[in-house]
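None of the figures in this text is laboratory data; all of them are computed from the coordinates on show. Note that the structure is predicted; figures quoted are calculated from it, not measured. In this analysis, Cβ positions are derived from the backbone assuming ideal geometry, glycine residues included, and neighbour counts consider all displayed protein chains.
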Amino acid sequence: METPSDWEDRLARWQNELELFEQLDETPWVTLAKAETETGVSRSALRSWYRNGEIQSRLVDGPNGPQRLVQLDAVIERAAASPRIQRRAEREVSLEAQVTLLRHRVDQLELRLAALERK
């Protein structure tokens, strides 16, 4: 049975391997989960891209078995070329701007309401 110490050793070795890959290639290789978090690209899109040869990937031994890695720079570059991802990013920025505008309007209305209540 695996002890917590064995698990921590396996995890540490795996993290060291990832760091070694980065040093050798001078470009960060990251897990699909990290690529998704960093870029907003879904894992299914990432899988499609590496299966179609649009980005490079490699399979390495991870603490829970084989782990797929992709080059973060390649994912960012490929995402920039995707009209769908660009539209989604623009919508998200647009939504943030709308929320900010609505918050400002609510603040103004609260001030006006407070002024009317004082009268």
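In table form, for the structure just shown:
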| quantity | calculated |
| --- | --- |
| Highest-fluctuation residue, Gly40, Gly53, Gly62 considered, GNM on the chain with Cα pairs under 10 Å | Gly53 |
| For the chain, convex hull of alpha carbons as volume per residue, Å³ | 189 Å³ |
| Label-point separation in nm, Ala33 to Gln86, each point 7 Å along Cα→Cβ | 3.2 nm |
| Estimated FRET transfer efficiency when R0 is 25 angstrom, pair Trp14-Glu54 (beta carbons, to 0.05) | 0.40 |
| Mean separation of Cα contacts under 8 Å, 6 or more apart, over the residue count of the chain: relative contact order % | 21 percent |
| Charge dipole magnitude, Cβ of K and R +1, D and E -1 - the chain, Cα centre, debye nearest 20 | 1040 debye |
| Residues Thr3 and Ser42, FRET efficiency given R0 of 35 Å [Cβ-Cβ distance, rounded to 0.05] | 0.45 |
